[in-house]
Amino acid sequence: MPLKSRHLIGLEGISKEELEIIFKTADIFKEVLQRPIKKVPTLTGKTVVNLFFEPSTRTRISFELAERRLSADTINFSSSGSSISKGETLKDTVRNIEAMKIDLVVVRHSSPGTPLFLSKILNASIINAGDGAHEHPTQALLDMYSLREKFGRLEKLKVLIVGDISHSRVALSNIYGMTSMGINVSLCGPATLMPRELDKLGVKIYYNLDEAIKDKDVILVLRIQLERQKKGLFPSIREYRNCFGITKERLQKLKDDVVIMHPGPINRGVELDGDVADCKNSIILEQVENGVAIRMAVLYLLSGVESSLTI
Amino acid sequence: MPLKSRHLIGLEGISKEELEIIFKTADIFKEVLQRPIKKVPTLTGKTVVNLFFEPSTRTRISFELAERRLSADTINFSSSGSSISKGETLKDTVRNIEAMKIDLVVVRHSSPGTPLFLSKILNASIINAGDGAHEHPTQALLDMYSLREKFGRLEKLKVLIVGDISHSRVALSNIYGMTSMGINVSLCGPATLMPRELDKLGVKIYYNLDEAIKDKDVILVLRIQLERQKKGLFPSIREYRNCFGITKERLQKLKDDVVIMHPGPINRGVELDGDVADCKNSIILEQVENGVAIRMAVLYLLSGVESSLTI
Amino acid sequence: MPLKSRHLIGLEGISKEELEIIFKTADIFKEVLQRPIKKVPTLTGKTVVNLFFEPSTRTRISFELAERRLSADTINFSSSGSSISKGETLKDTVRNIEAMKIDLVVVRHSSPGTPLFLSKILNASIINAGDGAHEHPTQALLDMYSLREKFGRLEKLKVLIVGDISHSRVALSNIYGMTSMGINVSLCGPATLMPRELDKLGVKIYYNLDEAIKDKDVILVLRIQLERQKKGLFPSIREYRNCFGITKERLQKLKDDVVIMHPGPINRGVELDGDVADCKNSIILEQVENGVAIRMAVLYLLSGVESSLTI
């Protein structure tokens, strides 16, 4: 196994070497995705279960496409219409699924720690597709992979992550992965949405966006959960946009070749103006495209398929 | 590409030549469906997304079967449990899905114009699986294909479409396609459910069913939406059946070899009596069977796969 | 066809010879499931529709895995989001699906008799995946198969089925199948949940669990439907557990090598203590694993594929 763990729970503690193995593997699959026949037999006869306990469009479809293009057999499971509604424990549900000889489990759950818990009780390899406010490692991998493609390197890039850092699994996975890759990571957001003790992670904190953006190569804009507003964590959408939105006006103050990223789905006109999302600096659709290649790489690397890739 | 457009938005403006290409291609796939192994590798490595924003059984399953029997990879997407519920725009959702390298999108939506809109913003080929009261082109194609199979020709057939013409995408697509094929199309239904300006389409309008049915070769019965009654568009189900239902009694007044069609699902005992639906004149199940062959033909013709069919 | 019927509606009247054909076929597929590539081309080009009108996790996934590992094309259909909600009859829905050239239909429905009804109107082969309180034949097959694997034989085994016998399709299928195989079947449960006229089936009835368990080789614990309690069929969960639960304490009174089974999902601490479910005597996960092999065997045997298995 070229990676240290046979699971992908998060990017905390992952080494630069491991990240580079994932990126180089994704390069191979990205080339496959440019072909007229975007399919390889790599995971024929392997079974992947997608366990989505939270609604998802792009992440679920991205994983499902990655699995099918690797020729794996895919089983979809969502919490509605399932034994979970019969009061069965998560542990029983998942152990039963595993008894059917599953090779890989992709899991999204609102409770942080669910993928780690599953990795301790299952023989299958676990891939975290987002667990509460903890980690979303494949999103961070595709973010870094898209930057590596854009800039040809990652080291010393100046990246600013803007938004609700406290509740963002995307931010946390990116902080772990990007600092491992030698990226210079800064954060900006309302003080009410900024976690404490972040200084230990080696990142710089800003509370004023106009100051924060000045010299940055990349702005990674996080989705604001509009329901946070009800909890009083920020005063109004208008105020949020004024202070922390990447608006058309603010785009003028950024470097000419700045790169704009967003994990989607976008609240257009809130954290990101539609004009900025669609401008030449945005690589948002490239992120989505690269997501499939990154997930193919992760699925392949964790599958235990030992033959080298000749595809 | 043997068809003028790389999308199938509707049958408005489609030529007789194009319709015949579709029918001849469907002939090939119909033969495949008679084999013990009903599967060809034609679309291996192509990805089709089924976007169903309205509930559907037969159309969705028919497309899905057509896709699998062409060996395409199929992704199903329904509006529940998706990012749509997170407030994302349709445009963002679909552009994101497309970024994952989709070849074909099959879309059903309650808003007329959705498939046309998508065809303007996507690189993938769009197939309209029903958009509001606008068009449902594959249904009309399978209706005509079933008649061609039954009669050996389409020209000069006398077809009567009965029911709620105003709200029927099935009727509109059939009017466009059938008039292109030289079919003599008449319509019959309550005046409240008959659109104006239909005379421009070259069809004859009846308001009295017993007069309308006399010399017809084919009666295409539309499903009545029972919820229209609440809006006062027809007085009662009993009254509707009396005036516009193809009842057991009315069947006696029809030509002996008349052909009865219905796009399903049937309200038995309302627009169509159960005895008529199941009688020897009905080709309702043939319509369903031919739907898979027609959809295989459309998927193949729009896929851009250039090799000739040797299957 | 090596089985008498081309449907699997239930185990009532099935012969020992037929059961042994199924078990021997399952042996072959069980071996396939131990391979790195758990897939055979046996049902390539065959189409299976999974019609689940009741929620299900493990049975649906088990069938779906069995189908994919046989390389069949699989279509999933659940009652929500379907034409059923448009008021179409079950008969119309299923006949329409069949017109699309389906080979096998797997059906779960809350109404007993639904699979039998479908077998009379369809050309496809029907597999009952549970119909109300009637039968659940593949569950009983996998139960017997798991015992055959554990003991090397079935004849003269002493099996006690404990719980809500009246409402259990698992119990009824096992009573039919196990008595055919020469197993000595006993039942135990509250008198309110014990059907009358069971003596005709050649089984022994107990109402006292501690008396019943003494000399048994196997305890098959049924899931208690907690909603039965509301109907006054048993006084309280605590009382049920005291009288009919296989508790940690009761395990001590059982034979050392007793085998504990449960069809899942378990109400831990009600009909079965968690410690017993997870102890060395439990073969609950083996049951789940064997379910896929049994279902592959049934699908293959009913598919009409005539070539012998060389896989």
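A label point on C:Ile237, set 7 Å along the Cα-to-Cβ line, lies at 4.2, 4.2 nm from each of its counterparts in the other copies, closest listed first.
Please give the net charge around B:Ala297, taking every other residue with its beta carbon less than 11 angstrom from that of B:Ala297, where Lys and Arg add +1 and Asp and Glu add -1. Present the calculation step by step, with values, prior to reporting the outcome.
Details: positive: B:Lys24, B:Lys30, B:Arg295; negative: B:Asp27.
That works out to +2.
Rounded to the nearest 10 degrees, the inclination of helix B:58-69 to the longest alpha-carbon principal axis of chain B is 40 degrees.
For C:Asp164, neighbours were defined as the other residues whose beta-carbon sits under 13 Å from its Cβ, and their charges (Lys and Arg +1, Asp and Glu -1) total +2. Summed over qualifying helices (DSSP H, 4 residues or more, each -39500 (n - 2.57)) and divided by its residue number, chain A shows a 222 nm mean residue ellipticity of -11000 deg cm²/dmol.
Each label point was placed 7 Å from the Cα along the Cα-to-Cβ direction; for B:Glu211 and B:Glu306 their separation is 5.7 nm. In this label model, A:Gln34 and B:Phe151 are separated by 5.3 nm, measuring between points 7 Å along each Cα→Cβ vector.
Taking θ as phi - 60° and the Karplus parameters 6.51, -1.76 and 1.60, the scalar couplings of region B:195-209 work out to x, 7, 6, 6, 4, 4, 7, x, 10, 9, 10, 10, 10, 10, 5 Hz in sequence order, x denoting glycine and proline.
Pairs of alpha-carbon atoms within less than 8 angstrom and 6+ residues apart define the contacts here; what relative contact order does region A:166-223 have, in percent? 35 percent. Report, to the nearest 10°, how far helix C:284-302 tilts away from the longest principal axis of the Cα atoms in chain C, using its own Cα long axis and a range of 0 to 90°. Long axis of C:284-302 versus the principal axis of chain C: about 30 degrees.
Remark: spin-label model distance A:Lys204-A:Cys279 equals 2.2 nm, labels positioned 7 Å along the Cα→Cβ axis. For chain A, the relative contact order is 21 percent, taking Cα pairs closer than 8 Å that sit 6 or more residues apart in sequence and dividing their mean separation by the residue count. For a straight C-alpha distance cut-off of 12 angstrom, the aspartates and glutamates reachable from B:Lys24 (same-chain residues fewer than eight places away being disregarded) are B:Glu149.
Nearest 10 degrees, 0 to 90: what angle lies between the long axis of helix C:90-99 and the longest principal axis of chain C (Cα atoms)? With rounding to tens, the tilt is 50 degrees.
Can you order the peptides B:137-148, A:173-184 by their average number of other Cβ atoms within 10 Å per residue, highest first? Each step should come with its number before you reach the end.
Values: B:137-148: 26.0, A:173-184: 21.8.
The densest-packed peptide leads the list: B:137-148, A:173-184.
With its label point defined 7 Å out from Cα along the Cα-to-Cβ axis, C:Ser5 lies at 5.0, 5.0 nm from the matching points of the other copies, in increasing order. Between B:Ser282 and B:Ile260, the built amide H atoms are under 5 Å apart, and every one of these is 5 or more places off in sequence or on another chain.
Only Cα pairs under 8 Å and at least 6 apart count here; give the relative contact order of region C:116-217 as a rounded whole percent. Write down the numbers at each step before the final one.
Values: 147 pairs, mean separation 25.7, N = 102.
With pairs under 8 Å counted, the relative contact order is 25 percent.
Partners of B:Lys253 within straight-line reach, counting aspartates and glutamates whose Cα lies under 20 Å from its Cα and excluding those fewer than 8 residues away in the same chain: B:Asp210, B:Glu211, B:Asp215, B:Asp217, B:Glu239, B:Glu271, B:Asp273, B:Asp275, B:Asp278.
When the listed pairs A:Lys120/C:Lys214; C:Lys158/C:Lys200; B:Lys150/C:Lys91 are checked against a 29 Å cut-off, the alpha-carbon distance exceeds it for A:Lys120/C:Lys214. In order along region C:126-132, the Karplus-derived 3J(HN,Hα) couplings, from 6.51 cos²θ - 1.76 cosθ + 1.60 at θ = phi - 60°, round to 10, 10, 6, 9, x, 10, x Hz, and Gly and Pro are given as x. The order of A:Lys230, C:Lys248, going from fewest to most other C-beta atoms within 10 Å of their C-beta, is A:Lys230, C:Lys248. Electrostatic bookkeeping for A:Glu135 treats Lys and Arg as +1 and Asp and Glu as -1; over the other residues with beta carbon under 10 Å from its beta carbon, the sum is -1.
Every number here is computed from the coordinates shown, using simple stated rules; none is lab data. This is a predicted model, so every value here is computed, not measured. Quick reminder, even Gly has a Cβ in these numbers, built from the backbone with ideal geometry, and neighbours come from all protein chains shown.
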